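These notes are about the structure you will find just below.
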Amino acid sequence: MSRQQAFRHIVVEGPIGVGKTSLARRLAASLKAELLLERAEENPFLPRFYQDPRQAALPAQLFFLLQRVEELRRLRQADLFRPCLVADYLFEKDRLFAELNLDEHEFALYDKLYRQLAPEVPPPDLVIYLQAPVDVLQRRIAQRGIVYEQRISAEYLARLSDAYVRFFYHYDSSPLLIVNTRDINPIGSEQDYRLLLERIRSIDSGRHYFNPAPWGV
C-alpha cells in the first residue's frame, strides 16, 4: 500500500483566509477522496459574532462544536473500504477558537462539554497546516468577498495566527506537514501544487516542512 493510500483521513488547517478549503478541494480531487467541509455558512451565529463578538461568541462556538462532533464521530464506524477523506478542519481547532473568543466563565462551560465529546472523534492520519502572514490573509479574505468576514481586523488575524503557531508547536497526535504559503500558491499555481502533492506522498510519520523558494528565485 502506498503512503497516500494509508492516509484514510487527511486534514488541511490554518487561519482564516489561508486557503485551506481550496486546497482540500484540490487534494480530494487528486486523491479521489471524499470531501468534508466545515460549512461555516450554516452557523447562524457567525455573522452576529463578527458584528458583536462578546454577545455571540459562546453560541457560535457551541454550534461549531456540536456540528463537528456529529460529522466526525461516524468515522469510528467507517468500514475498511471507505475512500480516503479530506477535510478542511481539525476537530481540536474548535477549542483553539474557543480559548481565543470566550471569557473565563464561558470557556469553562465550553471546555466541560468539549472534554465529554472529544473522545468520540478519531484523530486524522495526516494534518497539513498552512501558514501565511497577516497581510496575505487580509488580501485573500478581501478577494473571496464573504461579507461578514470583511469585519475581521488585522489584530484578530494576528492573534489567531499566533494561536495556531502555539497549537501546532505542541501538536503530535498525527503526522504533520507545515506549509509556508507566503511565496507559493498551491491553489493557483500548478507547479506549486504538484510539488506539494509529491511532498505529501512522501510523508510517513513525524513532523515535516514545505517551504520551497518561489519560482524564478
With the requirement that a residue be more than 22 Å from residue 74 (Cβ to Cβ) and touching a residue at least 60 places away in the same chain (Cβ under 8 Å), what does segment 9-32 give you?
14, 15, 16, 17, 18, 19, 22, 23, 26, 30
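Charged (D, E, K, R), more than 13 Å from the chain's Cα centre (by Cα) and modelled with pLDDT of 95 or more: does that describe residue 52? Spell out the reasoning first.
Details: charged (D, E, K, R): yes; more than 13 Å from the chain's Cα centre (by Cα): yes; modelled with pLDDT of 95 or more: no.
No, not satisfied.
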What is the one condition in (1) part of a helix (DSSP H, G or I); (2) under 27 Å from residue 193 (Cβ atoms); (3) at pLDDT 95 or above that residue 139 does not satisfy?
(3)
Can you name the residue in segment 55-87 that is in contact with an Asp or Glu (Cβ under 6 Å, 6 or more places away or on another chain) and outside any helix (DSSP H, G or I) and, of all such residues, is modelled with the lowest pLDDT?
83
Out of (1) touching a residue at least 40 places away in the same chain (Cβ under 8 Å); (2) more than 27 Å from residue 197 (Cβ to Cβ); (3) among the basic types (Lys, Arg), what's the single condition that is false for residue 112?
(1)
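What about residue 208, is it without any contact (Cβ under 8 Å) to a residue 24 or more places away in the chain and out of contact with any His (no Cβ under 6 Å at 6 or more places or on another chain)? Lay out the reasoning, then the answer.
Details: without any contact (Cβ under 8 Å) to a residue 24 or more places away in the chain: no; out of contact with any His (no Cβ under 6 Å at 6 or more places or on another chain): yes.
It is false that residue 208 is without any contact (Cβ under 8 Å) to a residue 24 or more places away in the chain and out of contact with any His (no Cβ under 6 Å at 6 or more places or on another chain).
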Given (1) in a helix (DSSP H, G or I); (2) in contact with a helix residue (DSSP H, G or I) (Cβ under 7 Å, 6 or more places away or on another chain); (3) not hydrophobic (A, V, I, L, M, F, W, C), identify the lone condition not met by residue 166.
(2)
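Only one of 61, 67, 138 is of a type in the set (S, T, N, Q), surrounded by 14 or more Cβ atoms within 10 Å (Cβ to Cβ) and over 22 Å from residue 42 (Cβ atoms); which? Break it down into steps so the answer makes sense when it comes.
Details: 61 fails: over 22 Å from residue 42 (Cβ atoms); 67 fails: over 22 Å from residue 42 (Cβ atoms).
From the options 61, 67, 138, the qualifying one is 138.
The values are calculated or read from the model by the stated rules, or taken from the named source; none is laboratory data. Since the model is a prediction, treat every value here as computed from it, not as a measurement. Heads up, the Cβs are rebuilt from the backbone with ideal geometry, glycines too, and the neighbour counts pull from every protein chain shown.
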